[in-house]
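Student: I have a structure here, written as structure tokens, and I will follow up with some questions on it.
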């Protein structure tokens, strides 16, 4: 990893340089393929108050991070900057994990032999029916179920034939 630290409108000091380098080196525990890091440290004067400004440009194999933080002094600006960069790296890694997890789930093209999948049917009544009408249509069609809109409640309902030959009605509250 190449680390470059630039000072603008501030005297360069070994203490600040070493502090910034030590903080940047800690980023390797979050991201191990960092190529280049360029940190710019400067002082700004706004409304007769000086504030430390820390900027970073980080280049890694599949990630570029640009961030800037301002604080009352340069050391706290460096701390805030590195916290922001850590958060961006963690967010990036979590995004990659989610993407890999989604690809793993989509990559299984052959179903396992032990798993049986239900048959998908699009058999439903388009016109509202009463429960009695739905039962008559179910018996006439010689099917195991019927999905319909109940005339009285205006709910989507489901009647199915049980193993003992009886019928059950499901009318969920949606």
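Student: Contact list please: Cβ distance under 7 Å, first residue in the range 135-153 and in a loop (DSSP other than H, G, I, E, B), second residue exposed (fewer than 13 other Cβ atoms within 10 Å of the Cβ) and at pLDDT 80 or above, pairs at least six apart or on different chains.
Tutor: Listed pairs, sorted by first residue: 151/130; 152/130.
Student: Residue under question is residue 13, and the condition is that it be closer than 20 Å to residue 87 by Cβ, surrounded by fewer than 17 Cβ atoms within 10 Å (Cβ to Cβ) and touching a strand residue (DSSP E or B) at 6+ places or on another chain (Cβ under 9 Å); does it hold?
Tutor: For residue 13, the condition - closer than 20 Å to residue 87 by Cβ, surrounded by fewer than 17 Cβ atoms within 10 Å (Cβ to Cβ) and touching a strand residue (DSSP E or B) at 6+ places or on another chain (Cβ under 9 Å) - is not met.
Student: Could you say which residue among 80, 31 is in a loop (DSSP other than H, G, I, E, B), within 24 Å of residue 93 (Cβ to Cβ) and touching a strand residue (DSSP E or B) at 6+ places or on another chain (Cβ under 8 Å)?
Tutor: 31
Student: List the residue pairs whose Cβ atoms are under 8 Å apart, where the first residue sits in the range 65-94 and is more than 25 Å from residue 14 (Cβ to Cβ), the second is at pLDDT 95 or above and part of a helix (DSSP H, G or I), and the two are 6 or more positions apart or on different chains.
Tutor: If the second residue must be at pLDDT 95 or above and part of a helix (DSSP H, G or I), no pairs are left.
The values are calculated or read from the model by the stated rules, or taken from the named source; none is laboratory data. Fair warning: this is a prediction, and the values are worked out from it, not measured in the lab. Counting neighbours? That spans all protein chains shown, and the Cβs are built from the backbone with ideal geometry, glycine included.
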